[in-house]
Amino acid sequence: MAARAYWSGQIRLALVSIPIEIYPATRSGAAISFHQIHEPSGQRIRYEKVAAGVGPVDRDEIIKGYEVSKGNYVLLDEEEIEAVKIESRKTLELVQFVEADEIDVLYYEKPYFVVPADDLAEEAYSVLREALRKTRKVGLGQLAVRGREQLVSIKPCGRGLILEVLRYADEVHKAQGYFRDIGEVTPDEDLLDLATTLIDKKTAPFKPAEFHDRYVDALHRLIDKKAKSKSKTRILEDVGEPGDSKSNVIDLMAALKKSVGAAGKDTAKTAAKSKPAKTTEAKTTVKPKATKSGAAAKSSSATTRSRKRA
């Protein structure tokens, strides 16, 4: 496998050990970073380590300090910090199992792929995967990496397993502090029906590739334009029509009805596109054939005209 393993070791479940390797399941690609440039000279801005009243200092003279009160620090050197780091163990022991939906989404931080380290590990690996799937449980343990312990969960994902790093309890805000002042309002049934209808009309399979960070896309276009122009001229990117800054009072019922109608039209257009096109008949002018009654009428008219001449 081309990617480098984030961690390798074994999952232990009681007396069973399964050799595994863990690989990052995500990557950062959306953010664009900038450097600060001194415009008159075009030189990049650099930062120096400076102490007040002393000026620039050497890196060798810098140690770490923890502020216990304003301006008062407990000083720690690297050896003291290294001494308390957790030894990186090569075993992830599953110490507890919980219901799959019991862990709040707020606790999930970062996913990793878990793969068997070799062919011999595949049987035990598949047993653990299917046992978790059958019981609908998630395994919990603590992974020691780079001197720290991470709380992690293990759960099935297709033919494999996913390890997700979890946040500790003191890293998550309690939702009650933010939702406490929201009143207990019972929605109007008609409004609720319109809202659920709109949701039903807009329901579709999740396709993450269809979503893009438009700000990052616009930045890339702007950077490409300036790189090609090789000038310092400002280029304003057209990002569409500006929104109305004034606050508008919107009739919720009218807005929902309008939204449901628009969603219905979009659905109809989509359905029309998916249907095979009908064969268009050529518009040809065809003279109608004379019927017997029509021919008789013409003959009678001709006879009448000849009598008048006589």
Among the residues in the stretch 55-65, are any touching a Phe, Trp or Tyr at 6+ places or on another chain (Cβ under 6 Å) and outside any loop (DSSP other than H, G, I, E, B)?
yes
Could you tell me whether the stretch 93-108 includes any residue that is surrounded by 15 or more Cβ atoms within 10 Å (Cβ to Cβ), over 23 Å from residue 169 (Cα atoms) and of a type in the set (D, E, K, R)?
no
Any residue in the stretch 118-138 that's more than 14 Å from residue 11 (Cα to Cα) and among the basic types (Lys, Arg): show its pairings with residues that are loosely packed, with under 11 Cβ neighbours inside 10 Å and at pLDDT below 95 at Cβ separation under 8 Å, as long as the two are six or more apart or on different chains.
136/99; 137/99
Filtered residue count, the stretch 49-58, keeping only those that are of a type in the set (D, E, K, R) and either under 21 Å from residue 71 (Cα atoms) or surrounded by 10 or more Cβ atoms within 10 Å (Cβ to Cβ) (or both)
1
Which numbered condition in (1) part of a loop (DSSP other than H, G, I, E, B); (2) free of Cβ contacts under 8 Å to residues at least 24 places away in the same chain; (3) closer than 30 Å to residue 112 by Cα is the only one that residue 31 fails?
(2)
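Conditions tested, residue by residue: (1) of a type in the set (Lys, Arg); (2) without any contact (Cβ under 8 Å) to a residue 40 or more places away in the chain; (3) within 30 Å of residue 7 (Cα to Cα).
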position	(1), (2), (3)
149	no, no, yes
154	no, no, yes
158	no, yes, yes
166	no, no, yes
182	no, yes, no
198	no, no, no
212	no, yes, no
215	no, yes, no
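I need a count of the residues in the stretch 16-37 that are exposed (fewer than 10 other Cβ atoms within 10 Å of the Cβ) and either of a type outside the set (A, V, I, L, M, F, W, C) or in contact with a helix residue (DSSP H, G or I) (Cβ under 9 Å, 6 or more places away or on another chain) (or both).
We begin by selecting, within the stretch 16-37, every residue exposed (fewer than 10 other Cβ atoms within 10 Å of the Cβ); these are 26-29, 31, 33-36.
Narrowing further to those that are either of a type outside the set (A, V, I, L, M, F, W, C) or in contact with a helix residue (DSSP H, G or I) (Cβ under 9 Å, 6 or more places away or on another chain) (or both): 26-29, 31, 33, 35-36.
Result for the stretch 16-37: 8.
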What is the residue count in the stretch 63-92 for residues that are over 41 Å from the mean Cα position of the chain (by Cα), aliphatic (A, V, I, L, M) and either surrounded by 10 or more Cβ atoms within 10 Å (Cβ to Cβ) or closer than 30 Å to residue 21 by Cβ (or both)?
0
Exactly one condition in (1) loosely packed, with under 10 Cβ neighbours inside 10 Å; (2) over 38 Å from the mean Cα position of the chain (by Cα) is not met by residue 46; state its number.
(2)
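The values are calculated or read from the model by the stated rules, or taken from the named source; none is laboratory data. None of the values given here were measured: they were computed from a predicted structure. All Cβ positions, even for glycine, are placed from backbone atoms using ideal geometry, and neighbour counts span all protein chains on display.
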